Each structure stands twice: as structure tokens, then as C-alpha cells.
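The values are calculated or read from the model by the stated rules, or taken from the named source; none is laboratory data. Just so it is clear, the model here is predicted, and its values are computed rather than measured. Here the Cβ positions follow ideal geometry from the backbone for every residue, glycine too, while neighbour counts run over all protein chains shown. Each accessible area value is taken on the protein alone, full model and side chains, heavy atoms only, with ligands, DNA and RNA left out. Shrake-Rupley method; radii C 1.70, N 1.55, O 1.52, S 1.80 Å.
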Amino acid sequence: MKVDLSSVIKVTGAEVKLSSTVGFGDAEFLGETYRFIEPLKVEGRVYNNGQSLTLEANVSGRMVTECARCLDEVEADVEFSVHELLSQREEGADEDEDIILFDGYEIELDDIIADHFLMNISGRYLCSDDCKGLCPVCGQNLNHGECDCDNEYIDPRWQALADIMNQTKE
Ligand SMILES: [Zn+2]
Ligand SMILES: [Zn+2]
């Protein structure tokens with residue numbers, strides 16, 4: 001989503017309204033997959049307050065991801081806001097990491113929106129609050145029925161920790 005800022009760059013008080021959609025492909029982040037059911041809706045503005053250009057936008061949509069416990073599909077709302085300072089890149093000017101620079105008179109918002117999406121997802125979507133998760137032995141989805149595994153099973157990673165605790169006690 002490219003936005004033409006030529007009408008606001010040098011005019012204090014001017015603004016460009018944003019009302020558009022951005023389509024993203026499936027995103028993978030920290031082992032989770034996010035599939036957008038529809039393009040994300042972007043509503044907001046870029047405003048010149050005399051000192052800087054400010055991007056303010058609300059982004060919303062629907063997506064499908066995986067339950068953090070049982071890996072079943074979960075449909076969830078996407079809803080977050082974006083607030084950034086923008087500035088035209090100038091030769092020899094100091095770079096400030098709090099300001100997003102753009103070249104010429106146009107700015108591409110897709111990467112900014114994608115970054116905010118990743119900052120805003122909690123990574124803890126559940127199919128239901130009492131999801132029973134997967135059996136750690138056979139991998140069966142326990143929401144769909146019990147398996148015959150020994151449920152005294154301890155995850156080997158916890159077992160290793162327990163061993164260390166026992167050793168330090170001796
Ligand atoms: Zn689940
Ligand atoms: Zn099992």
C-alpha cells in the first residue's frame with residue numbers, strides 16, 4: 001500500500017486520509033502460522049503538525065491460526081493501531097531510529113503494518129479456554145478423546161531439570 005505524501009510534506013496542518021486494504025500472504029512467526037481470511041483494512045491518516053509527519057492508523061481483519069495447545073485451527077480477530085513518525089530521507093541528515101524515513105514523496109506502508117502485526121500478536125490463541133492440548137506421548141488431540149498412554153509421563157526436558165535439582169541437593 002503506497003501513499004502519496006506530496007501534498008502534506010511541506011504544508012503544516014495538512015493531512016492525507018488513509019482508507020484502504022492490504023493483502024498479505026500467510027505469515028509464519030516463531031513457529032506459528034497466520035493466514036489472513038481477507039485483506040486487512042487500514043483506516044487512518046498521515047498528518048503534518050509542523051514538526052513532523054505522523055502516521056496514525058487502525059488495522060483490522062480476520063485470520064486463521066493454530067491453537068497454542070492442540071494445534072487445531074482457530075479463527076481470530078486482528079485489531080491493532082499504528083503510530084509512527086515519518087520523515088523524508090535527506091542527504092547528510094542524522095538518522096533517528098524512532099523516525100521512519102522514506103525516499104521521494106511516497107511511502108510504502110506494507111512493511112510497517114507487517115511489523116506492527118508481529119508486535120501485536122500474543123502467540124497464545126486457544127481453540128477454547130479449557131483446551132486439553134495434545135498427549136505428550138502419542139500426540140493425540142485430547143479434545144477428541146482420551147488415549148491409552150501412561151499419563152505419569154514427564155517431558156524429558158522437565159526430567160533433565162529435575163535431575164539437576166536433585167544433584168544440587170546432594
Ligand atoms: Zn486447542
Ligand atoms: Zn497418548
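Note the angle between two axes, namely the Cα long axis of helix 110-120 and the longest principal axis of the Cα atoms of the chain, as a number of degrees from 0 to 90, rounded to the nearest 10.
The angle comes out at about 40 degrees.
Using the heavy atoms of the protein chains alone and a 1.4 angstrom probe, what is the accessible area of the chain per residue in square angstrom?
Details: 11290 Å² over 170 residues.
For the chain, the per-residue accessible area is 66 Å².
Please report, in whole Å, how far the alpha carbons of region 2-120 spread along each principal axis, starting with the longest.
For region 2-120, the Cα extents along the three principal axes come out at 52, 28, 18 Å.
Run the simple label-point estimate for residue 35 and residue 90 please: 7 Å along Cα→C-beta, distance reported in nm.
That separation, rounded to one decimal, is 4.8 nm.
Where the accessible area of region 17-170 is counted over protein heavy atoms with a 1.4 Å probe, how much of it, in %, is carbon and sulfur? Intermediate results must be reported in sequence, preceding the final value.
Values: 4680 of 10360 Å².
Carbon and sulfur atoms account for 45 percent of the accessible area of region 17-170.
Could you list which residues have their amide H under 5 Å from that of residue 53, counting only those 5 or more apart in sequence or on another chain, with H placed in the peptide plane?
Close amide H contacts, sequence-distant or interchain: 86.
Can you pull out the chymotrypsin sites (Phe, Trp or Tyr not before Pro) in region 68-145 whose DSSP state is coil and whose Cβ has at most 14 other Cβ atoms within 10 Å? List each step's numbers first, then the result.
Details: sites: 80, 102, 105, 117, 125; in loops: 105, 125.
Qualifying residues, ordered by number: 105.
Describe numerically, in nm with one decimal, the distance between label points set 7 Å from Cα along Cα→Cβ at residue 71 and at residue 163.
2.6 nm
Say each of residue 1 and residue 80 gets a label point 7 Å from the Cα, pointing the same way as Cα to Cβ; how far apart are those two points in nm?
Spacing of the two 7 Å Cα→Cβ label points: 1.4 nm.
Subtracting the Cα-Cα distance from 0.36 nm times the residue separation, let me have the gained length for residue 45 to residue 124 in nm, one decimal. Let's see the in-between values first.
On the way: separation 79, 0.36 × 79 = 28.44 nm, distance 3.07 nm.
Extra length from residue 45 to residue 124 when fully extended: 25.4 nm.
Going by alpha carbons, how many degrees (0 to 90, nearest 10) lie between the helix axis of 156-169 and the longest principal axis of the chain?
The two axes meet at around 70 degrees.
Could you work out [θ]222 nm for the chain from helices alone, using -39500 (n - 2.57) per DSSP H run of at least four and dividing by all its residues? Round to the nearest 500 deg cm²/dmol. Intermediate values should be presented prior to the final figure.
Details: 2 runs with 25 residues, N = 170.
Calculated at 222 nm, the ellipticity per residue is -4500 deg cm²/dmol.
So who's got an amide H within less than 5 Å of the one on residue 78, skipping anything under 5 residues away but keeping other chains? H placed 1.01 Å off N, in plane.
61, 62, 63
I need to check one value: relative contact order of the chain, counting alpha carbon pairs closer than 8 Å and at least 6 residues apart, in percent.
Relative contact order for the chain comes out at 18 percent.
Please identify which residues in region 53-80 have an amide N closer than 15 Å to a label point set 7 Å out from the Cα of residue 99, following the Cα→Cβ vector.
Under 15 Å, as judged by backbone N against the label point of residue 99, lie 53-55 of region 53-80.
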